[in-house]
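Written out below as structure tokens is the structure these notes cover.
The values are calculated or read from the model by the stated rules, or taken from the named source; none is laboratory data. Keep in mind the model is a prediction, meaning the values are calculated, not measured. Methodologically, a virtual Cβ is constructed for each residue, glycine included, from the backbone with ideal geometry; neighbour enumeration extends over all protein chains shown.
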Amino acid sequence: MKIILQVSGGIGKSVAATAVCRAIKKQYPDSKLFVISGYPEVFSPSPIVDRSLSFNDLHYFYPEHIEGQDFLPLLHDPYHAPGFLRQEGHLIKVWCEMFGIAYNGEQPEIHLTSKEYSSFGTMFQSPKPIMIIQTNGGVPNQTDKYSWARDMPIATAQQVVNAFKDTYNIVHLRRQDQLPLQHVYPLTTNFRAIAVAIAMSSRRLFIDSFAQHTAAALGKPSVVCWVANKPEQFGYELHHNIIAHPPTLKPDYKNSIFTPFNIAGQPNEFCYNNEAEIFDAAQIIAALNNMPA
């Protein structure tokens, strides 16, 4: 049988989906697993995914893979599942259960090759150990470059950088359209190279975005800062998860439907007097110092 898993959304969701792939193969060990996503590089190479396809690479898919064949389509988006909207468990667990797949604690997995380590690793050679941080997420070219509901306040992040800049080579994962930091090496490159950088790093500070999923897939404990989303739904136990301080202003739920806040960080929903109230930089610094290098 051919199983076709469709993964919509961002790269972090694709990384989380690798755990769903592992659960599928456990339940259907003799099946062929095809994954269709916006980020096929996440799933290849992999010992459990037979074909990783892009949404833009589906020419003649029906006659080659559907017509007259035994197949199981797993196409629904878990973000619309009742269990997810009711916050009844982790995204991966809800995703599996939505398709009737047994979930036994499967975790994301990224498989890097020795050639990737040797090729990309030269980009990150340094006399000082590497610290990697990701402060912003979201889609490219957003009108507002900072989402208070997801991102780390840039002033808080700079305080953290200042505390470690003399002892670490600090790599800042960011696109050109995202907010910069001082005393860092900005890194904008392909996903596989970023995964190698995370694997080679000594300490890691992330938000709820693709890097924290990737670190979990590589078994790299990290400090992860959370505002609107919850680690119980999107995070991992190997990380040190820091939850934002409670709101200091009454939240505006006028436009809230299934979640209290829009992850893009709508200004009218901002429920603090200022960004400095969201996180305590000293708490983040202490967590990084206490993480195993």
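What tally of residues in the range 246-293 results from selecting those that are assigned to a loop (DSSP other than H, G, I, E, B) and at pLDDT 95 or above? Walk me through how you get there before you give the answer.
Taking the range 246-293 and keeping what is assigned to a loop (DSSP other than H, G, I, E, B), we get 246-266, 270-274, 278-280, 291-293.
So of that shortlist, the ones also at pLDDT 95 or above come out as 246-249, 270-274, 278-280.
Total meeting the criteria: 12.
Any idea which of Ser14, Ser31, Ser52 is farther than 26 Å from Glu237 by Cβ, buried (at least 21 other Cβ atoms within 10 Å of the Cβ), outside the structural domain of Gly138 (by TED's automatic domain parsing) and not basic (Lys, Arg)?
Details: Ser14 fails: farther than 26 Å from Glu237 by Cβ; Ser31 fails: buried (at least 21 other Cβ atoms within 10 Å of the Cβ).
Going through Ser14, Ser31, Ser52 in turn, the sole match is Ser52.
Spot the failing condition for Ala157; the list is (1) surrounded by fewer than 21 Cβ atoms within 10 Å (Cβ to Cβ); (2) more than 17 Å from the chain's Cα centre (by Cα), and only one is missed.
Here Ala157 meets the rest and fails (1).
What is the residue count in the range 21-79 for residues that are more than 19 Å from the chain's Cα centre (by Cα), part of a helix (DSSP H, G or I) and free of Cβ contacts under 8 Å to residues at least 60 places away in the same chain?
6
Regarding the range 115-125, can at least one residue be identified that is polar (S, T, N, Q) and closer than 24 Å to Pro40 by Cβ? Explain how you work it out, then say what you get.
At the first step, the residues of the range 115-125 found to be polar (S, T, N, Q) are 118-119, 122, 125.
Within this subset, residues satisfying the condition of being closer than 24 Å to Pro40 by Cβ are 118-119.
There is at least one residue in the range 115-125 that is polar (S, T, N, Q) and closer than 24 Å to Pro40 by Cβ.
Residue check, Gly9 against (1) surrounded by 14 or more Cβ atoms within 10 Å (Cβ to Cβ); (2) touching a helix residue (DSSP H, G or I) at 6+ places or on another chain (Cβ under 7 Å); (3) assigned to a loop (DSSP other than H, G, I, E, B), all met but one. Which one?
That leaves (2) as the condition not met.
Looking at Thr188, Thr167 in this structure, which one is without any contact (Cβ under 8 Å) to a residue 40 or more places away in the chain, β-branched (Val, Ile, Thr) and over 21 Å from Tyr39 (Cα atoms)?
Thr167
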